[in-house]
1. Measure off, as a whole percent, the carbon and sulfur share of the 1.4 Å-probe accessible area of the chain, all protein chains present.
2. Need the full-extension length gain, A139 to A78, defined as separation in residues times 0.36 nm minus the C-alpha distance. One decimal, nm.
3. Taking θ as phi - 60°, what are the ³J(HN,Hα) couplings along segment 12-22 by the Karplus curve (6.51, -1.76, 1.60), each to the nearest whole Hz, with x for Gly and Pro?
4. So what is the calculated 222 nm ellipticity per residue for the chain, using -39500 (n - 2.57) for each DSSP H run with n of 4 or more, over all residues, to the nearest 500 deg cm²/dmol?
5. Evaluate the Kirkwood expression for the hydrodynamic radius of segment 110-175, namely the inverse of the mean inverse distance over all pairs of different C-alpha atoms, and round to one decimal in Å.
6. Which one, A61, V43, L17, is farthest towards the positive end of the dipole of segment 11-80 when Lys and Arg carry +1 and Asp and Glu -1 on their Cβ?
7. What value in Å³ per residue do you get for the convex hull of the alpha-carbon atoms in the chain?
8. Counting Lys and Arg as +1 and Asp and Glu as -1, each charge on the Cβ, what is the dipole of segment 18-175 about the Cα centre in debye, to the nearest 20?
Amino acid sequence: GESVMRLAQVTGEAALLSVRRGASALCLMREEGSHPLRSHALVVGQSHPLGVGAGSLAMLASLPDDQVATVLSAIAPALAERYPNLPPDRLQAMVARTRDEGVALNPGLVLEGSWGLGIALHHPGGGLAGALSIAAVEARMRADRLPDLIHALRAEAARIQTRLAQTAPRPGRET
């Protein structure tokens, strides 16, 4: 929780924590930033098809290819109905780009003018723990600002993963 709050403070944008639920991503926490222009693409308790939105895309991209294919075929009807500008082949291309760059960018494809940056969170064993993301209006995600936002996102993701590692049960030791 504190990482989400710190990310919102540092960036001035909304910071979100999401988890995977099958072929969907569920938003667990949202902390508003200080900036008055707010993006409301994602609210707590709301779920999107996995891959739709920055945090959601970061989680999808972290899965093995066979699972990505399974998810994309499972969500294809929902994409066609609710997200016509995000067909499975476009999401597949976005997955490839996310893997290359290590961070997911949603350039206003879910809600016009609402941009997002996301990064996947992993358990010590490598399993997917969730995703941390930032939502901002387009004007606040200019190219010159992206490196700073990505840096802040990576820093908090690293903190969360360190905490996950500290709380993980150590094999072969009594807890």
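1. On the way: 4750 of 8700 Å².
It is 55 percent, rounded to a whole number.
2. 19.1 nm
3. Couplings: x, 9, 6, 10, 9, 10, 10, 10, 8, 10, x Hz.
4. Computed mean residue ellipticity for the chain: -13500 deg cm²/dmol.
5. Result for segment 110-175 stands at 13.7 Å.
6. Highest projection toward the positive end goes to V43.
7. Hull volume over Cα atoms, normalised by residue count, gives 114 Å³.
8. 360 debye
The values are calculated or read from the model by the stated rules, or taken from the named source; none is laboratory data. What you see is a predicted model, and the numbers here were worked out from it, not measured in a lab. We place every Cβ from the backbone using ideal geometry, glycine too, and count neighbours over all the protein chains shown. When the accessible area is computed, the model is the full protein with side chains, heavy atoms only, and any ligands, DNA or RNA have been set aside. Shrake-Rupley method; radii C 1.70, N 1.55, O 1.52, S 1.80 Å.
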